[in-house]
Amino acid sequence: MKRRRKPLPRPKTLPEFFEREEQFWQELLASWEGLPEEACFQPGACGPEWTIKDTMNHILVWQEAALRILPMLARGEKAALGMGTARFNAQEYLRHKDVSLDETLRNLMATRRKLLDLIATLPESQVLDVDGRIGWWVKYNTYDHYAQHLYDLQTFRQMYQS
């Protein structure tokens, strides 16, 4: 999953962060909105195997992880995923592969809202410091994570509609 866009400067304020997150979120939604439901179940949307629904669940589970980890980090506690990224992705893929598309979308929207609400309570300096643990978890589970998958999803959409 390659990024195909020139990197933007880091947000300097929380309002800039939320604006960036919303911009990339809308692009992410546009990559699948309006497609027939069967398109969401076709492999190749993100890498050779993942479907659009798999990618939705992937973003969802990382946001759920951020919801668990960010409060611990904010309290000054050590927090970690508990396993490597590849293992986490594989485990969560299996856990969510039979979840319906409607439930996936509902969970994705609700989890994003909870994560944004949590981020709004965190100190701005920590949210924006991508070299710090909190800032890293925020960036890589919001706009930067969406950006990691956008090119593949947009390319899939174009190919599907051809």
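Considering every residue within the range 25-47, establish whether at least one is among the hydroxyl-bearing types (Ser, Thr, Tyr) and either out of contact with any Gly (no Cβ under 9 Å at 6 or more places or on another chain) or assigned to a helix (DSSP H, G or I) (or both). Yes, the conditions are met somewhere in the range 25-47. Only a single item in (1) at pLDDT below 95; (2) exposed (fewer than 15 other Cβ atoms within 10 Å of the Cβ); (3) under 21 Å from Leu73 (Cβ atoms) is not met by Val130, and it is number (2). Among the residues of the range 71-82, is any aliphatic (A, V, I, L, M), closer than 20 Å to Leu8 by Cβ and modelled with pLDDT under 95? No - not one qualifying residue is present in the range 71-82.
The condition of being touching a residue at least 24 places away in the same chain (Cβ under 8 Å) and either in a helix (DSSP H, G or I) or not hydrophobic (A, V, I, L, M, F, W, C) (or both) holds for only one of Arg10, Arg87, Arg106, Arg68, that being Arg10.
Within the range 126-144, residues that are under 18 Å from Thr13 (Cβ atoms) and in a helix (DSSP H, G or I) reach partners that are acidic (Asp, Glu) and modelled with pLDDT of 95 or more with beta carbons closer than 6 Å, at six or more positions or on different chains, in the pairs Gly135/Asp129; Tyr143/Glu21. Against the conditions (1) surrounded by 13 or more Cβ atoms within 10 Å (Cβ to Cβ); (2) in contact with a Pro (Cβ under 6 Å, 6 or more places away or on another chain); (3) more than 20 Å from Lys139 (Cα to Cα); (4) charged (D, E, K, R), Glu92 satisfies every one except (2).
When Asp98 is tested against (1) among the charged types (D, E, K, R); (2) in a loop (DSSP other than H, G, I, E, B); (3) touching a residue at least 24 places away in the same chain (Cβ under 8 Å), just one condition goes unmet, and that condition is (3).
Here Asp117 fulfils each of the conditions (1) more than 17 Å from the chain's Cα centre (by Cα); (2) loosely packed, with under 11 Cβ neighbours inside 10 Å; (3) part of a helix (DSSP H, G or I) apart from (1).
Of everything in the range 26-54, what is closer than 12 Å to Gln154 by Cβ and either at pLDDT below 95 or surrounded by 18 or more Cβ atoms within 10 Å (Cβ to Cβ) (or both)? Give them in sequence order. Scanning the range 26-54 gives Leu28, Ser31, Trp32, Ala45, Cys46, Ile52. Taken together, the residues in the range 58-83 that are of a type in the set (S, T, N, Q) and more than 9 Å from the chain's Cα centre (by Cα) amount to 0.
The values are calculated or read from the model by the stated rules, or taken from the named source; none is laboratory data. Quick caveat: nothing in here was measured; it's all calculated off a predicted structure. Don't worry about glycine lacking a Cβ; one is built from the backbone with ideal geometry, like all the others, and counts go over all protein chains shown.
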